[in-house]
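Structure first, commentary second.
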Amino acid sequence: MIIAIDGPAAAGKGTLARRLADEFGFAYLDTGGLYRAVGLSVLRVGGNPADAGVAEAQSKSLDLALLSDPELRAEATGNAASKVAALPGVRANLLDFQRNFAANPPEGRPGAVLDGRDIGTVVCPGADVKLFVTASAEVRAKRRFKELEERGVEPDFGVILADVRERDERDMNREDAPLKPAEDALLLDTSNLDIDAVFLRAAALVKERMAPQ
Ligand code: CDP
Ligand code: CDP
């Protein structure tokens, strides 16, 4: 069983993906983390994230230890991630890892949940369940703001909102694997839905798909 969860920044993809993985005993892959790791490694070597040569080289020999680096979640890393993610060579280099995770979930788990931008459209077009999770840019920026506050950072709401919008724009308008719902995805607008309500709707759909036809 493969569950694909796509949507824009801070829509609640990761929170939902983790809960579904817990509930059904599936493995979870945050594919945004892979793009963030490439973005971070480009920044660390002093490169420009929009430079295909540097970004492709970093994505080819990706250091997976970066996935637990404290800088991985920084806004600057997210921004670099969305720049490297627009490069077809980088996307191609990350594709096998993601498909292999979905087809052979680690620890022999009976399923996998992947979240990102193009899971239902490109990485796993044959996924059993496809969800497209979204919310207004203001709601998503507020969620990010709260997260940063809780981490002891003093965020500027205007800057976060501008960053969310800039990333949406870049992710939706790139040529290769743009952010968009798969035709057969269930759309969940979480602007006015709390985490429990989103989880219950998604879990009901998964159970329906798991039941013998
Ligand atoms: O956590 P947040 O939603 O802010 O972003 P993320 O999922 O960590 O992804 C960071 C960036 O990676 C996104 O802005 C996308 O540009 C890119 N990404 C992508 O292009 N394809 C994916 N499957 C996942 C992420
Ligand atoms: O993975 P993605 O960037 O899409 O979002 P996330 O990290 O799962 O969620 C971003 C923040 O929004 C987290 O602090 C969640 O607790 C919060 N959230 C929420 O308040 N209401 C929801 N329906 C979903 C997420």
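The values are calculated or read from the model by the stated rules, or taken from the named source; none is laboratory data. A quick note: this is a predicted structure, and the numbers were derived from the prediction, not measured. All Cβ positions, even for glycine, are placed from backbone atoms using ideal geometry, and neighbour counts span all protein chains on display. SASA here: full protein model, heavy atoms, side chains in, ligands and nucleic acids out. Shrake-Rupley method; radii C 1.70, N 1.55, O 1.52, S 1.80 Å.
A few remarks follow.
- Computed over protein heavy atoms with a 1.4 Å probe, the carbon and sulfur contribution to the accessible area of the range 114-195 reaches 50%.
- For the chain: rounded, prolate or oblate by the Cα gyration tensor [a/c cutoff 1.5]: oblate
- Using the 1.4 Å probe convention, the accessible area of the chain works out to 49 Å² per residue with neighbouring protein chains retained.
- Scoring 191-201, 24-34, 56-66 by mean Cβ neighbours within 10 Å over their residues and listing the highest first yields 24-34, 56-66, 191-201.
- Once the chain from Glu169 to Glu154 is taken as fully extended at 0.36 nm per residue, the excess over their C-alpha distance is 2.9 nm.
- Each label point was placed 7 Å from the Cα along the Cα-to-Cβ direction; for Asn100 and Lys60 their separation is 1.7 nm.
- Long-range amide H partners of Arg174 with built H, under 5 Å: Leu179
- Mean-position separation - Cα centroids, the range 41-57 and the range 1-26, in angstrom: 29 Å
- Over the chain, relative contact order from alpha-carbon pairs under 8 Å, at least 6 apart, %: 33 percent
- Those residues of the range 146-165 whose amide nitrogen sits under 16 Å from the label point placed on Ile195, 7 Å along Cα→Cβ: 146-151
- The range 81-127 and the range 152-196: distance between their alpha carbon centers, rounded to Å: 18 Å
- Over 27 Å between alpha carbons, listed pairs Lys142/Lys207; Lys13/Lys146; Lys60/Lys146: Lys142/Lys207; Lys60/Lys146
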